[in-house]
1. So, in segment 1-37, of the ones that are small (Gly, Ala, Ser) and at pLDDT below 90, which residue ends up farthest from the ligand (Cβ to nearest atom)?
2. Residue by residue through segment 188-229, note down the ones that are in a helix (DSSP H, G or I), crowded, with 17+ Cβ neighbours inside 10 Å and out of contact with any Leu (no Cβ under 7 Å at 6 or more places or on another chain).
3. Restricting to segment 132-163, and then to whatever is of a type in the set (Lys, Arg) and part of a helix (DSSP H, G or I), can you tell me which residue is farthest from the chain's Cα centre (by Cα)?
4. Can you tell me which residue is surrounded by the fewest Cβ atoms within 10 Å (Cβ to Cβ) among those in segment 175-187 that are in contact with a strand residue (DSSP E or B) (Cβ under 7 Å, 6 or more places away or on another chain) and part of a helix (DSSP H, G or I)?
5. Of the residues that sit in segment 94-110 and are without any contact (Cβ under 8 Å) to a residue 40 or more places away in the chain and among the small types (Gly, Ala, Ser), which one is farthest from residue 124 (Cα to Cα)?
6. Pick out the one residue from 125, 130, 183 that is out of contact with any Gly (no Cβ under 6 Å at 6 or more places or on another chain), modelled with pLDDT of 95 or more and within 22 Å of residue 41 (Cα to Cα).
7. Look through segment 1-43, keep the residues that are outside any helix (DSSP H, G or I) and surrounded by 19 or more Cβ atoms within 10 Å (Cβ to Cβ), and return whichever of them is farthest from the chain's Cα centre (by Cα).
8. Among the residues of segment 116-131, which ones are more than 7 Å from the ligand (Cβ to nearest atom), in a helix (DSSP H, G or I), under 18 Å from residue 173 (Cα atoms) and not aromatic (Phe, Trp, Tyr)?
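The values are calculated or read from the model by the stated rules, or taken from the named source; none is laboratory data. All figures in this text were calculated on a predicted structure; none of them were measured in a lab. Reconstructed Cβ throughout: ideal geometry from the backbone, glycine too, with neighbour counts over all protein chains shown.
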Amino acid sequence: MYCGKFFDTALSKDYVLNVRYMAYQSYLTAPHLLNQLNNLNYPLDGKVVADIGTGLGILPCLLKDKNTSKIIGIDLDKDFLKAARSINHAENTGYVNADGRNIPIKNSVFDAVFVRYVFQHINLSEIFISEIKRVIKDGGLLVIVDIEDDMNIFYPDLPESSKKLFGVYYEYQKLRGGDRSVSKKLPGFLLSQGFRDIKIKPYTFVFFNNEAKRADAEALKKAFLLVQNELELVKDALFYNKLITPVEFHKGLNEYFKFLNLKDDVLISKTEFLITCKK
Ligand SMILES: C[S@@+](CC[C@H](N)C(=O)[O-])C[C@H]1O[C@@H](n2cnc3c(N)ncnc32)[C@H](O)[C@@H]1O
């Protein structure tokens, strides 16, 4: 089990709901992140590392076994950091409550900076990227992991109610300055901001279910819970902005569950990108 405390936190009533949803998301995506770390081809032993937009600190948790000398998790959200400190504390790990656009750290401190699932919320922000560049040592590494919704495949077609729900979620992120199809724009953006040696690697996750070869119950549960947790995090904001009604929201989610359980073949493929570059 990867970072089991994230799972305990998702179930614990001691934490506010947003923290619990985020904990479950972190827990479910941890195996992907660990795989990406193992394929990084960059030894992290003895390195000073930052994780900007760390959330509950899933990256610091996975880096524990990599002998990094120091890991600093930075995030805007106080609730997330408070939880991160109790879920994942270690001698070499610290957390800083700050905006990535104004990092209270000296120039050229980090050997490597990670930014996972953050650009989808802020899009191509020059202030953000120049702050990140400032705190990376010359020759240091920037590692970005982000999604690309334009590469999602659903077969057969999603039910209309689920399509509407996912479409509203996409639009909501855009209204807030984000972009769920940000990955394809990042390499050019990084080049324009003076980064070099840019490498781009896709990671595709596929869920397949059919009657003869049923997906195991655990894979099915995970495929649903990942989406449900993500949507629960923004549910109230979607209602408040009148983007969707509670009835439509729940219909979209219920029909997605039924879609995953269809007797016909069901195939879902989602791709995210790991982008590395040097300062
Ligand atoms: C989807 S979560 C990803 C968390 C974590 N990186 C992970 O991989 O699970 C995005 C995180 O970015 C943080 N965030 C968004 N904008 C930020 C900013 N300008 N500065 C610092 N953190 C930010 C949010 O508070 C949230 O914790």
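1. Kept after step one, since they are small (Gly, Ala, Ser), are these residues of segment 1-37: 4, 10, 12, 23, 26, 30.
When the remaining residues are screened for being at pLDDT below 90, the result is 4, 10, 12.
Values: 4: 16, 10: 13, 12: 18 Å.
Per the stated criteria, the residue is 12.
2. If the condition is that a residue be in a helix (DSSP H, G or I), crowded, with 17+ Cβ neighbours inside 10 Å and out of contact with any Leu (no Cβ under 7 Å at 6 or more places or on another chain), then 190, 227, 229 are the ones that fit.
3. Per the stated criteria, the residue is 134.
4. Just the residues of segment 175-187 that are in contact with a strand residue (DSSP E or B) (Cβ under 7 Å, 6 or more places away or on another chain), to begin with: 180, 182-183, 186-187.
Going one step further and asking which of them are part of a helix (DSSP H, G or I), we end up with 183, 186-187.
Details: 183: 25, 186: 22, 187: 17.
Checked segment 175-187; the qualifying residue surrounded by the fewest Cβ atoms within 10 Å (Cβ to Cβ) is 187.
5. 94
6. Values: 125 fails: within 22 Å of residue 41 (Cα to Cα); 130 fails: within 22 Å of residue 41 (Cα to Cα).
Of the residues listed, the single one that is out of contact with any Gly (no Cβ under 6 Å at 6 or more places or on another chain), modelled with pLDDT of 95 or more and within 22 Å of residue 41 (Cα to Cα) is 183.
7. To start, the set of residues in segment 1-43 that are outside any helix (DSSP H, G or I) comprises 1-3, 12-16, 39-43.
Now narrow it down to the ones that are surrounded by 19 or more Cβ atoms within 10 Å (Cβ to Cβ): 3, 15.
Details: 3: 16, 15: 20 Å.
Applying the filter and picking the extreme gives 15.
8. Step one: of segment 116-131, the residues more than 7 Å from the ligand (Cβ to nearest atom) are 119-120, 123-127, 129-131.
Checking the rest, the ones that are also in a helix (DSSP H, G or I) come to 119-120, 126-127, 129-131.
Add one more test, that the residue is under 18 Å from residue 173 (Cα atoms), and what stays is 119-120.
Matches in segment 116-131: 120 only.
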